[in-house]
Structure formats: structure tokens, C-alpha cells
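Heads up: the structure comes next, in C-alpha cells.
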Amino acid sequence: MNRSGNSEAAEPIFLRPYFQQNIWGGRRLAEEFGFAIPEGHVGECWAVSAYPGRESVAVNGAAAGRTLAELWRDVPEFFGPLPEEYRAAGYPFLTKIIDAREDLSIQVHPDDAYAAEHENGARGKTECWYILDCPEDCTLVLGHTAKSREEFAGMIAEKRWDSLLRRVPVRRGDFIQLEPGTIHAITAGVMLLETQQSSDVTYRVYDYDRLQDGRPRELHIRQSIEVSGVPAREPEKLVRHTDALPAGRLTELVRCRFYYVSRLPVSDSAELPADRWFRICTVTDGGGSLIIKNSSAPQGSRFPLKKGDSFLLPASVGGAPEEGAVFEGRMDVIVAGPVI
Ligand code: ZN
């Protein structure tokens, strides 16, 4: 038992992902991450999801077999002190690993206000990317050149994609925060970890005239014009290089209204400071173990970690000097949590 009086709250809760097939997806989630994925082109691992119908499921401890949505509803002590309105809105995030064998469509997401009004009360989508791998000389589509909404609409109507869309060079370890209204596309050969609001509202601007089952996928031109930021922000300013971050220390990459995302490179041992709220951790490279210390296990309980593992670290882990979470091994960990 720990201070919250809940014996099941003091260990990491590993989650089994939901996998999604996409025309642009590949096989690297199996080949490089060891996931048991379905046949065909699988572009998305929904690693930590409470999105209805695509939930991840707890695989260990007393929570085993329960979906993340059920844990959110039934075990509030896992998540820490949250305002009632926040809790009632449902688990707020979605953590995905993306394998883009081909280019994704050029797209844009709405903010909360637009999505609530036009998409049956859905959340908008603020998202961020941590680049796990990409080809040499890789560029992502980020932003556009139009100076006014009229010019933006005109260039879309005339299909002047090369002059409209901006591209920005990226490399492994880069981090990009995308506010709603940012035109974007992940390009062929990129693998990335995405942390986003729990939302599936995407407006497709252009799909390279590709066919899926013999037909083009639906476009959402009117909505795209309405929600896109014009003029767009300078795309180079959105990219942060993280490859020189010090090992053993948690470095915050972004903190916005919805979430923070930090990176923890581990070269032998690294302690995760205590937090009042839940954290989502994903091992994006390497492996080792996580040691959880608390009053009932002063020596610590050891949990093996490997590339691709995602787990919920309950709010009750850590919080006193003799308690805490320590990573041991060689690995790269992305840690995300709520901004309350
Ligand atoms: Zn997106």
C-alpha cells in the first residue's frame, strides 16, 4: 500500500497499442519495434490511447485487461488531482508512433473552438513530433507562402502546390510543435513519435491525387481554408534540435496549454523527479529497466524496458525522498504529461 491507500497505484502500467492500417504506412513498426502488427500497410501505432474504439489496454498488474479509458474513469488516483471538468472531458492525449512509407496527405487540424462547433463537440488537435528516423536530406511540409486567405484559396484552387507549400529540413532527434491551423505533412521515410490532443479531426488539403481502393480519399478544402493560419509562421522557427541534450537529465521540449513533452536520454542511470500528476513514458530507442521505489519496496521493484514500450506512470509514484522512479540502461525516453 502507498500513501494513496491504493496498492495497485505504485507501478508503471504498460499498455498494448492499437494499430491502424493506412495507404501510406509500412512494416517498420514490426521490423524495428517488434510490434505484432496486422497484415498490410500499417502506418500508426496508437501507443497510448483512450480514443473510443481504438483504446490501448493495460497488460500488467492489477490493471491488466482494462482499457486506458476505463482506468481514467475508475481509478482517478492514477492520474492525480484534476479539476472535475478536465476529468469529465475524458483522457486528454494520444501518443502515436508513425511509420510513413510514403508521403502523408497535406493536412491541417482545427482548434478546440472550431472542432466543437463543426465536428460534434470533438477536440481540436494541437500536436507535436519527435523525429525518430528520417532519410538524409529529409524535408517536411510545414506552413505555406500565401499572404492572404484569398491568395491561399486561389493557390489551392489552381493546384499551385510547389509555390504554396513550404518545406523545412529535419534530422533525427528534431522536435516540432504544431499549433492548430498549421499546414503540414509527414514525408516518406520518416518515423516519429507524436503527442497530441485526443482527437481524430483532420482536414485534407491535397492527397497527391492518390487512389485508395480505386478512388481518391476525401478532401476538405473549405474547412482547410477556414482553419489555416494566414500568413503562416516561419517554419524554420518551429523546429528544435535535441540531439545535444545532456544524458541523465529531463529536458522539457514544449509546454503548451494542453501538455508538456520532455526528453530523457539515459546513458547509465537517470532519476525521474516526482510529480503530482500522471506521466506517459515511451522508450523510443535502446532499453534497460525502470526501478520503482516506495515504502513497501525500499529496494525497488524492477521492470524491464525495451524500445517501443509505453507506460503510464501513476501520479502516486514518487513524491517522497525514499520514493521515486529510476531508469537504468541505455535508452531514449520521451515523457509527457498534463498542464493543469
Ligand atoms: Zn497532423
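The values are calculated or read from the model by the stated rules, or taken from the named source; none is laboratory data. Note that the structure is a prediction, hence the values are computed from the model and not measured. Neighbour counts are summed over all protein chains in view; Cβ atoms, including those assigned to glycine, are modelled from backbone coordinates with ideal geometry. Ligands, DNA and RNA are excluded from the accessible area calculation, which covers all protein heavy atoms including side chains. Shrake-Rupley method; radii C 1.70, N 1.55, O 1.52, S 1.80 Å.
See the values below:
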{"read-out": "Loop sites in segment 251-305: trypsin sites (Lys or Arg not before Pro), DSSP, at most 15 other Cβ within 10 Å", "value": "Arg257, Arg276"}
{"read-out": "Accessible surface of Trp277 - all protein chains present, 1.4 Å probe, nearest 10 Å²", "value": "50 Å²"}
{"read-out": "Rounded accessible area per residue of the chain, 1.4 Å, Å²", "value": "43 Å²"}
{"read-out": "Those Cys residues of the chain for which no other cysteine Cβ falls under 4.7 Å", "value": "Cys45, Cys128, Cys256, Cys281"}
{"read-out": "Distance histogram in 10 Å bins (all Cα pairs of segment 188-337, percent per bin)", "value": "9, 30, 28, 18, 12, 4, 0"}
{"read-out": "With every protein chain in place, the chain: carbon and sulfur % of accessible area (1.4 Å)", "value": "48 percent"}
{"read-out": "Segment 187-255 versus segment 84-105: alpha-carbon centroid distance in Å", "value": "12 Å"}
{"read-out": "Nitroxide proxy distance, nm - points 7 Å out along Cα→Cβ at Ser289 and Glu136", "value": "4.0 nm"}
{"read-out": "Estimated FRET transfer efficiency (Ala113, Leu245; beta-carbon r; R0 56 Å; 0.05)", "value": "0.95"}
{"read-out": "Counting all C-alpha pairs of segment 4-157, share separated by more than 20 Å (%)", "value": "63 percent"}
{"read-out": "Given charges at Cβ of Lys, Arg, Asp, Glu: the chain dipole, positive-most of Leu142, Gly154, Asn294", "value": "Asn294"}
{"read-out": "Globularity ratio of segment 107-200, using Cα Rg and 2.2 N^0.38 Å", "value": "1.18"}
{"read-out": "Heavy atoms of Arg210: accessible area, 1.4 Å probe, square angstrom to 10", "value": "40 Å²"}
{"read-out": "Semi-axis lengths, Å, the chain, gyration tensor of Cα atoms, sqrt of 5 times eigenvalues", "value": "36, 21, 19"}
{"read-out": "By accessible area with a 1.4 Å probe, ligands and nucleic acids excluded, highest first: order of Arg233, Arg204, Arg172", "value": "Arg233, Arg172, Arg204"}
{"read-out": "Signed unit charges on C-beta, dipole axis of segment 217-340, positive-most listed residue Val283, Ile221, Ala325", "value": "Ile221"}
{"read-out": "Cα-based Kirkwood hydrodynamic radius, segment 142-253, one decimal, Å", "value": "16.0 Å"}
{"read-out": "Residue of Val283, Val266, Val59 that the Gaussian network model of the chain assigns the largest fluctuation, springs spanning Cα pairs under 10 Å", "value": "Val59"}
